[in-house]
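The values are calculated or read from the model by the stated rules, or taken from the named source; none is laboratory data. All figures in this text were calculated on a predicted structure; none of them were measured in a lab. Heads up, the Cβs are rebuilt from the backbone with ideal geometry, glycines too, and the neighbour counts pull from every protein chain shown.
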Amino acid sequence: MGSLRRIFDKSSDYLALDKILRVLIAISIVTSFGDNLYGSLLGLYITYNLGVSILIYGLMNTVQGLVSSLIVFPSGALSDHFGRKAMAIIALIFSISTLAVLFLAKNLPLLFLVLVLQGLGSSFSDPSRSAYVIDVITKERRGIAFATLAFFQSLSSIVATSIAGIIAGIYGYYWLFSASLILELIALCSTTLYLKESLHYMRDAAEERRLSEPPYKNLRNGLAILKSPPLLAVLFGVVFHTVGLGIEGPYLAIYAQHVLTFSLPSIGLILGAQQLGIFIGHIPSGRIVDKYGGEISFAFHILATSPTMILFTVAGNPVLSSMVLFFWGLSFGLDNVSRQSLIAKYRLRAGVATAFGVISLVSGVISLISPTIGGWIWTEFSPQMVFYASAAINALGSLPLFILWLHNKNHPVNFRRH
């Protein structure tokens, strides 16, 4: 027992398993499992089983991105005013509604509704989850805390993605939808009963003043971050990165089946290898960000993902494809950890969820056309060109972050919260 206790204490220190975060982590594991169980193969189900064209599927993803981008900003402002728990409950209600409609979706209007509801779920979930960590964790340990949350979400995603293809291949897609619906209902009950509100947990004087302000004032404060040169550099990096990933992201599983002719179980396993890479990458990501800074960590991640997009197109079998996506995932462990740390660092007067919402709104709106561009390139040129274009645009996102890192290195500034 003594040895187990020492192992747990060491893990708690390294992974930031703080007591107040454990409920959020447990709920995130359940929701991540449910989302990835059906979400990893949703594109295949829509295009292959329901016969929707690649171009229309790209348009569906554009509509999803539009909804998510427009709602994520006000959802962040509402989170800073009304609390994180309320937004988490709303997000789960949208996730449950997504699966309920998916059971009935056989025509284009309902399929569009599925992706709209899916976008609403993510827009209410992401800003509040990030803000929750910032509320309860000191600045010195936030990198590790973000990495801890991502670590367990990735672990859940690995298992869900790996078995999704096997379940769909043997039993059919409706088993995936049913299991995901049950998990989302469990997460909703757990959030309602056990998740504590974090908004008042750690609050300085400036935050106390902001709490009394109406939501529209939070929105105005959020727009003020666009006047910050460091945040503009972060924004440009996020925009190019989001646009690049958006071009190829919806077509990864479709390419594996239609071009590489992999079976459903094989596709599930290669996507699981990608999640395994993300999982392993999250283990050191918090300490890397805390030690070297979010700027260089985010830039490195962006630059490292581009070559793997090209290599994926030439991988001729599931083993090589799994290795490529595994290395893609390793660098992706730095993504959310470094991005969220940068937003918290430079956010000016805005609440943390509001600032996250602004960055997501601007980058999301600009990248709306990405899935449609990917579908157009696939149709008019070749499937391989989708990944080449994605890699080139993505790589550009590292430049403003490298410039910001070099500027801070030569002109160190102590950024404080306003």
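The number of residues in the range 67-98 that are at positive phi and crowded, with 24+ Cβ neighbours inside 10 Å comes to 0. In the condition set (1) closer than 25 Å to THR372 by Cβ; (2) in contact with a helix residue (DSSP H, G or I) (Cβ under 8 Å, 6 or more places away or on another chain), LYS106 is compliant with all but (2). TYR216 passes every criterion in (1) among the hydroxyl-bearing types (Ser, Thr, Tyr); (2) part of a helix (DSSP H, G or I); (3) under 30 Å from ASP35 (Cα atoms); (4) modelled with pLDDT under 80 apart from (3). Here the range 39-66 is the region considered, the condition is being crowded, with 22+ Cβ neighbours inside 10 Å and under 16 Å from the mean Cα position of the chain (by Cα), and the residue that is nearest to VAL133 (Cα to Cα) is GLY65.
May I ask you to list the residues in the range 357-410 that are in contact with an Asp or Glu (Cβ under 7 Å, 6 or more places away or on another chain), among the aromatic types (Phe, Trp, Tyr) and buried (at least 23 other Cβ atoms within 10 Å of the Cβ)? Selection gives PHE387 alone. Just one of the listed residues (SER79, SER154, SER130, SER95) is farther than 18 Å from ALA26 by Cβ and in a helix (DSSP H, G or I), and it is SER79.
Listed by first and then second residue, the pairs linking a residue in the range 91-116 that is closer than 15 Å to GLY39 by Cβ to a residue that is hydrophobic (A, V, I, L, M, F, W, C) and not in a helix (DSSP H, G or I), with Cβ atoms under 9 Å apart and 6 or more places separating them unless they lie on different chains, are ALA105/LEU50; LEU111/LEU50; LEU111/VAL52; LEU111/ALA105; VAL114/ALA105.
Every residue, every condition in (1) buried (at least 24 other Cβ atoms within 10 Å of the Cβ); (2) of a type outside the set (A, V, I, L, M); (3) modelled with pLDDT under 85; (4) over 13 Å from the mean Cα position of the chain (by Cα), yes or no:
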residue	(1), (2), (3), (4)
ALA100	no, no, no, yes
LEU108	no, no, no, yes
THR138	no, yes, yes, yes
LEU155	no, no, yes, yes
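Going through GLY65, GLY51, GLY34 one at a time, which residue ends up being out of contact with any Pro (no Cβ under 9 Å at 6 or more places or on another chain), under 30 Å from VAL386 (Cβ atoms), at pLDDT 65 or above and in a helix (DSSP H, G or I)? Even if it seems obvious, please write down each step before you answer.
Details: GLY65 fails: out of contact with any Pro (no Cβ under 9 Å at 6 or more places or on another chain); GLY51 fails: in a helix (DSSP H, G or I).
None of the others qualify; the one that does is GLY34.
Among the criteria (1) in contact with a helix residue (DSSP H, G or I) (Cβ under 6 Å, 6 or more places away or on another chain); (2) more than 30 Å from TYR171 (Cα to Cα); (3) modelled with pLDDT of 80 or more, the one LEU245 does not fulfil is (1). When the range 403-418 is examined, which residues are found to be among the hydrophobic types (A, V, I, L, M, F, W, C) and either on the phi > 0 side of the Ramachandran plot or modelled with pLDDT of 50 or more (or both)? Selection gives ILE403, LEU404, TRP405, LEU406, VAL413. I want to confirm something. Restricting to the range 283-319 and keeping residues that are among the β-branched types (Val, Ile, Thr) and at pLDDT 80 or above, which single residue is surrounded by the most Cβ atoms within 10 Å (Cβ to Cβ)? It comes out as ILE302.
Among the residues of the range 110-124, none qualifies, meaning not one is β-branched (Val, Ile, Thr) and within 19 Å of ILE186 (Cβ to Cβ). Being modelled with pLDDT under 70, touching a His at 6+ places or on another chain (Cβ under 8 Å) and under 25 Å from ALA256 (Cβ atoms), is that true of even one residue in the range 323-333? Scanning the range 323-333, I find at least one residue that is modelled with pLDDT under 70, touching a His at 6+ places or on another chain (Cβ under 8 Å) and under 25 Å from ALA256 (Cβ atoms), so the answer is yes.
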